[in-house]
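The values are calculated or read from the model by the stated rules, or taken from the named source; none is laboratory data. It should be emphasised that the depicted structure is a prediction, and the values quoted were computed from it without experimental measurement. Note that we place each Cβ from the backbone using ideal geometry, even for glycine, and neighbour counts take in every protein chain shown. What goes into the accessible areas is simple: the full protein's heavy atoms, side chains included, and nothing from ligands, DNA or RNA. Shrake-Rupley method; radii C 1.70, N 1.55, O 1.52, S 1.80 Å.
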Amino acid sequence: MPTRRLFLLQSGAAALLSGAELDLKSSRWNARWVFPAGAPANTYGVYHFRRSFALETAPGVFRVHVTGDSRYELFVNGVKVSWGPARGDLYHWRYETVDLGPHLRAGNNVLAAVVWNEAQYAGLAQWSNRTGFLLQAADGDHEKLVNTGTAGWKAVQNRAYSPYPLPGNLWSEIGPGYYAISPMEKFEAAQHPWGWQTAAFDDAAWTAVENGSAAAARDASDSPSRWMLVPRPIPMMEETPVRLARLRSAQGVTPPAEFPARKAAFTVPANTKAVLLLDQDVLTCAFPELDLQGGLGAEITVRYIEAPYEALRPRPTKRNRGEVEGKILRGYFDKILPDGAKRTWRPLFWRTWRYLQVTIETKAEPLVLADLRAVYTGYPFEVKAKFESGNPLHQKILEVGWRTARLCAHESYMDCPYYEQLQYAGDTRIQALVSLFMTGDHRLMKNAIEQIDSSRTPEGATYSRAPSALQQYIPPFCLWWIGMVRDYCWYVDDPAFVRQMLPGVRAVLGWYESFLKDDGLLGTMPWWNYVDWVPKWPNGRPPSEVGTMPGTIQLQLVLALQWAGELEAAVGDAQFAGRFKMQAVRLARVVRERFWSAEKKMFSEDLAHTHFSQHANVLAVLADVAEGGAQKDLMQRVEADKALYQCTVYFRYYLDRAMVKAGLGDQYLNRLGTWEFMLKEGLTTWAETDSPNTRSDCHAWGASPNIEFFRTVLGVDSAAPGFRRIRVTPSLGPLQRASGVIPHPKGLIEVRVERGGPTGLVIDVKAPAGVEVVKGA
């Protein structure tokens, strides 16, 4: 069983601290940012920093705050103790707090860090001011020993690294699609200062660092630097060693039968080209690690393949992901140039793959591949939920959905780990609910809400995604952000945080209000008004008349106003609550009058009633714009009418919620065809769209069954802010019985449902003490 490794982030450890503990959350720091002397501030580069110091005795506790721009890893006497910083923006630059005590000793010690800045090649989720490093002792007695800005810190550039940038669209070698991630790397082993992180390394040739301005907390009265420092709000990422599953093909060499599932060294002869195709069996996010010996002059290419292609033109097409024979293999790659010695290579940042294609081209010297393994990484969720129905398909859907959710959750949620690694509000609302229902861990959700809130423009709109160094606005995603705040309020007992978000909620709705026309409807709005990847919708926007937004977006605003009214009533201002509720009623009335087609008996996207979608009718039901008595009939027709613009896997979340609201929840388990299709395609994570032409194979907006198996089938939902009241309304559908466990802020909810009894269902619920349970609607 592989060991699950987490770096410990110290917090709340007041009992361990000395009397000299510094309060750094609202002041300038004594440490200064330091830079490699003479290095360019905003050009790609990898740098090492070191500081040697002596201790008379080994300390019990030695806490430091550490960060870097853009990324860093910190070592103490050769042991890695921290990596980060957790992604943020310049106004919320994260730092980690680490106890170095267990790794320090009496006598000489060394702190060593690698800092890299991808600068002009950086992924869009990565902010940067300039290359720099910062370390501050938490205890005033230790400052002179380790603070950056004090004498003794040295630095050097590591010239072993150079970037392989990923342009926005590139078809030649890496495959089709839009890429927004950081570059891959070329690594020349002969240029690397091997052993740089150990105390025995000779750093006499390194130069003293250049001292910059004093560091400062975000809440300090002024900040000499552009980095406004805040503590890391989430735990450190998990790192778990894993093996690759199997070898699918080998050319030019015959590896041992046990390779790569177990460590098994083999030699690639001189003047040989060997190509290995390795299968992880499932998509993963991990650091690949190669142990090498010899091979001076060789070149190794490690290519990361999400899925094989059936064809690239006229449209990129994928079929069964487990089939590789005769398929087109594309993916981005790293290159390693060995120096002939015994070395271990690992990239600076994690990679995503289902398949690794390793190409080794040797020259005059043979190369020994002593081992090839990986270290899985992701947000350290711990599953608490359980679901039992007796149907293996349900367990498989939950397994694949949870894998998808995990691969899209790191220092932030991500739309996809392979292409973009960006935290979009529309995706994140669903991802956050998956996290809550599966684990009860709300920290990454809270972080996401804060980050999107921090991206707001003066007008009131948030970015579509955050953090993002490139501004992008999707106005409907501002409204889904309000939905995220409402979800947080109902499922997490944290009213103070929700109250802090209310000014942002009001700002979004005030901005939207500025686009309401005299007829009460939303007029033309700027930017990208994306709703769903419906094939016939240009850029995902529903069709409508010039000057009027589509019906789906009008209805989404109704929902957001209703959510805002509920939030204000729960933790905010009664006047705002009344105002938002009244605005929702007014807009709902106008939408009902203008977008309802008496002939079609459905809501349309346009005022001429020529374009009809599932989306508009789904939101009409969720917002009660479709009147209660008619909702069931409407949703039965919406589900059956394939001539309507259909919801993709993303918007299935809202379609399924509308079915439940209309009293059709018992149909849920009979409507899993979207996910059954993807399983038949050999996917091990849910794709961006349920189509052979999907771009990404891993989009957690499709993991909604990991919510609905608990909320719809078992029927467990929050019926009050803070989950203070539980409502249990099961929809067993074809099942005779089902049971499960759902996390709650105060513990666990255990539910068992069987057919029988006077009401048709026997429901047994065990809830945490003091939490009210209501059975039935």
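Quick notes on this structure:
- Residue match in region 399-407 (condition: within 30 Å of SER82 (Cβ to Cβ), touching a strand residue (DSSP E or B) at 6+ places or on another chain (Cβ under 9 Å), open to solvent by 30 Å² or more (accessible area, probe 1.4 Å) and modelled with pLDDT of 95 or more): yes
- Looking only at residues of region 741-761 that are on the phi > 0 side of the Ramachandran plot and touching a strand residue (DSSP E or B) at 6+ places or on another chain (Cβ under 9 Å), we find that the one that is modelled with the lowest pLDDT is GLY757.
- 2 or more residues closer than 27 Å to THR240 by Cβ and open to solvent by less than 30 Å² (accessible area, probe 1.4 Å): qualifying strands (runs of 3 or more DSSP E) within region 255-334: 273-294, 299-305
- Taking the criterion of being open to solvent by less than 20 Å² (accessible area, probe 1.4 Å) and closer than 30 Å to HIS92 by Cβ, the residues of region 233-254 that qualify are ILE234, MET236, MET237, GLU238, GLU239, THR240.
- Conditions (1) surrounded by 23 or more Cβ atoms within 10 Å (Cβ to Cβ); (2) within 18 Å of GLN631 (Cβ to Cβ); number of the one not met by LYS600: (1)
- Looking at ARG711, ARG752, just one residue is touching a residue at least 60 places away in the same chain (Cβ under 8 Å) and more than 21 Å from TRP533 (Cβ to Cβ), and that residue is ARG711.
- Any hit, region 20-33, residues being open to solvent by less than 50 Å² (accessible area, probe 1.4 Å), more than 26 Å from ARG226 (Cα to Cα), touching a strand residue (DSSP E or B) at 6+ places or on another chain (Cβ under 6 Å) and modelled with pLDDT under 95: yes
- Looking only at residues of region 527-548 that are open to solvent by less than 30 Å² (accessible area, probe 1.4 Å) and among the small types (Gly, Ala, Ser), we find that the one that is nearest to LEU619 (Cα to Cα) is GLY540.
- Scanning region 685-712 for residues being over 21 Å from the mean Cα position of the chain (by Cα), closer than 22 Å to PRO745 by Cβ and not charged (D, E, K, R) gives a total of 3.
- Taking region 93-108 as the range and being surrounded by fewer than 21 Cβ atoms within 10 Å (Cβ to Cβ) and under 14 Å from SER128 (Cβ atoms) as the test, only ARG94 passes.
- Residue satisfying all of: in region 33-76; of a type in the set (Gly, Ala, Ser) and in a strand (DSSP E or B); farthest from ALA214 (Cα to Cα) among these: ALA54
- Residues that are of a type in the set (Asp, Glu) and either in contact with a Pro (Cβ under 9 Å, 6 or more places away or on another chain) or open to solvent by less than 70 Å² (accessible area, probe 1.4 Å) (or both), drawn from region 505-526: ASP519
- Residue match in region 435-443 (condition: over 21 Å from LEU555 (Cα atoms) and touching a Gly at 6+ places or on another chain (Cβ under 8 Å)): no
- Residue, nearest to the chain's Cα centre (by Cα), within region 726-762, restricted to residues that are part of a strand (DSSP E or B) and over 21 Å from MET438 (Cα atoms): GLU754
- Yes/no for ALA405 being part of a helix (DSSP H, G or I), touching a residue at least 60 places away in the same chain (Cβ under 8 Å) and either of a type in the set (A, V, I, L, M, F, W, C) or touching a Ser or Thr at 6+ places or on another chain (Cβ under 7 Å) (or both): yes
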